[in-house]
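What follows is a single structure, written as structure tokens, with notes after it.
The values are calculated or read from the model by the stated rules, or taken from the named source; none is laboratory data. Being a predicted model, the structure only gives us computed values, none of them experimental. Heads up, the Cβs are rebuilt from the backbone with ideal geometry, glycines too, and the neighbour counts pull from every protein chain shown.
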Amino acid sequence: MLLVLGATSLYPFAYALFISLFDWNWGRSMSFIGLANYTRLLGDVEFWLIMKNTLVFATSATAIELLLGLGIAVAVDRLRFGATLVRTLLLTPLMISGIIVALMSKVMLDSFLGIVNYLLGLIGVGPSTFYGTEATAMFTIVMVDTWWQTAFVFIILLAGLQSLAAEPREAARLDGASEWRIFRHITMPQLAPLLLTVLIIRSIDTLKVFDIVFGTTGGGPGLATEVAQTLAYRTAFAYLQIGRAMAVMVLFSILVLALCALYLRLGSERRD
Amino acid sequence: MRLQRILTLLPAYVVALAAMAVTLFPIAWILSISLKTKRDAFAIPPVWTFAPVWRNYLALWDNDAFRGAVFNSCVVTVLGVVLATLIAVPAAYALNRLRLRGKRLIAAWLLLAYMLPEFLFIIPIYVLYQAIGLYDTHLGLALIYQVHVLPFAIWMLRSFFAEVPVELEEAARIDGCGHLAVLIRVYLPMTLPGLAATAILNAIWIWNELAIALGLTFKNAQTITVAVTSFRGYASIDWGPMTAASIVAILPMILFALVAQRWIVKGLTLGAVKG
């Protein structure tokens, strides 16, 4: 049973590795070219730029979401009434598909007719072109992802906060410790394993980002927001270079695996 | 003293209210645009009060391709969830009996499967499906979704099964129940809410998935997320149908979430908090 289950995950990976050694355009002829797909990618400036974009997006979105999610979780944890209602309402973005979030953001952030530029105008900021220029496009997508996924960080950390024992905090409070010191020296260390889990999950998710880039900029303007998965999609289904697309995904998978291994390592070192 | 307590709680309420405003405003705004006439939708300064018109929704209903996509999403979601549940229940039961070793095993598998990017899977599956005729079919899409949600489903169910007291299982055994009978008579009735939570989270994931559906369907089995991508290009011109389609795609999942909120929270937090 387990073998069958494992095989369903392993077959695509093995097949992807296999295809990545060929020059193939979905047609009948498939020629073996060894590692040429890999060597071409590794020598390609565009590939490295796209990998950099992916990392920039993933690290900034994850960092902002973790900070905001933690802040909101701490706040909601303190509410005396209405906490359940707040939690339910804050959860709604998680129920929405990434592609819908992308389309919603295009309406909200339209350069000329969007409500966000109008509201920013009221407080004397803007107008911004958001997705329109290289300088702002990546930041805009990070913000959209933040709107979409901060609730995930929030809900996990809130559950974590609520499951913590109250005694150490109360003892510290009786000893006259300030709220900030209690948070910094008692709550945070207790929450650390959970923070690591959320960090890993959000990092993987943001590295694999597809929907919101595909649905908003499609990777543009230029290559400003092109990320690993949109590159793979474009290479396979628009340029019909399947071997190359698979090589992109194999290299990218190695990057994701390495990053996760690093995080897990850091996590276990801290515990020792 | 009372004033001081209110003052220490005030920041928490301010943060909570601000988060709610930022979270809910876009959804409310998109809903309002879907109910506006074209002129009101594009008005600057924005129109805050208006009489709702249903034209955009009626136009969607008349759109055969979109109606078909909604139908396809329903079929694929139900099929995917049923298949995943049928496989996950016995798998979780078996792994639960392995106790700790089983837990480590699925945790590792879950993390690994989760890490691999979608397009690494999509293209090999695309090739396979073209060869065996599952490309652009409901069954084909549901099968691959089932494979995708399976690790998570097993992980969740195993955690719920682990909460069932071993004594109950032993008592049932003494009464002469086999594995299947223990599973059906003891485990399933006791973990029904957990089973529901698992199914709901899987359903939401499948309903919202884009990349796999984009790669593995074309016309016959196109899902709602793929159908709405056609609105990308002329997003700046045609807000009415686009926002209406968005609301149609969002609404079932939000209703789902409101009804089963407690279970969803339990499901989402289970994996992470219990580690």
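Restricting attention to region A:222-256, which residues are under 18 Å from the mean Cα position of the chain (by Cα) and at pLDDT below 90?
Listed by number, the list holds a single entry, A:224.
Within region B:33-53, is there a residue that is within 30 Å of residue B:219 (Cβ to Cβ) and surrounded by fewer than 19 Cβ atoms within 10 Å (Cβ to Cβ)?
Checking region B:33-53: at least one residue is within 30 Å of residue B:219 (Cβ to Cβ) and surrounded by fewer than 19 Cβ atoms within 10 Å (Cβ to Cβ).
Given the residues A:205, A:175, A:211, which is the only one that is of a type in the set (D, E, K, R), over 20 Å from residue B:110 (Cβ atoms) and within 11 Å of chain B (Cβ to nearest Cβ)?
Selected residue: A:211, the only one of A:205, A:175, A:211 that is of a type in the set (D, E, K, R), over 20 Å from residue B:110 (Cβ atoms) and within 11 Å of chain B (Cβ to nearest Cβ).
Could you pull out the residue among B:56, B:96, B:72 that is touching a Gly at 6+ places or on another chain (Cβ under 6 Å) and touching a residue at least 60 places away in the same chain (Cβ under 8 Å)?
B:56
Scan B:28, B:19 and give me the residue that is surrounded by 15 or more Cβ atoms within 10 Å (Cβ to Cβ), outside the structural domain of residue B:250 (by TED's automatic domain parsing), among the small types (Gly, Ala, Ser) and under 23 Å from residue A:72 (Cα atoms).
None of the others qualify; the one that does is B:19.
For residue B:124, work out the one condition from (1) more than 10 Å from chain A (Cβ to nearest Cβ); (2) touching a helix residue (DSSP H, G or I) at 6+ places or on another chain (Cβ under 6 Å) it doesn't fulfil.
(1)
Which residues, counting only those in region B:202-222, are out of contact with any Asp or Glu (no Cβ under 6 Å at 6 or more places or on another chain), under 20 Å from residue A:218 (Cβ atoms) and either part of a loop (DSSP other than H, G, I, E, B) or among the polar types (S, T, N, Q) (or both)?
B:208, B:209, B:222
Sort out which residues of region A:214-268 are facing another protein chain (nearest Cβ under 7 Å), more than 30 Å from residue A:28 (Cβ to Cβ) and touching a residue at least 24 places away in the same chain (Cβ under 8 Å), and write them in order of number.
Within region A:214-268, A:215, A:256, A:260 meet the criteria.
Answer with yes or no whether residue B:42 is in contact (Cβ under 8 Å) with a residue 60 or more places away in the chain, over 23 Å from residue A:14 (Cβ atoms) and within 13 Å of chain A (Cβ to nearest Cβ).
yes
Which one of A:222, A:267 is on the phi > 0 side of the Ramachandran plot and surrounded by fewer than 20 Cβ atoms within 10 Å (Cβ to Cβ)?
A:222
So in region A:104-122, with the set limited to residues that are in contact with a Ser or Thr (Cβ under 7 Å, 6 or more places away or on another chain) and not in a helix (DSSP H, G or I), which one is nearest to the other protein chains (Cβ to nearest Cβ)?
Restricting to residues being in contact with a Ser or Thr (Cβ under 7 Å, 6 or more places away or on another chain) and not in a helix (DSSP H, G or I), the top hit is A:110.
Residue A:101 - would you say it is free of Cβ contacts under 8 Å to residues at least 24 places away in the same chain, assigned to a helix (DSSP H, G or I), facing chain B (nearest Cβ under 9 Å) and buried (at least 20 other Cβ atoms within 10 Å of the Cβ)?
No; evaluated as a whole, the condition is false for this residue.
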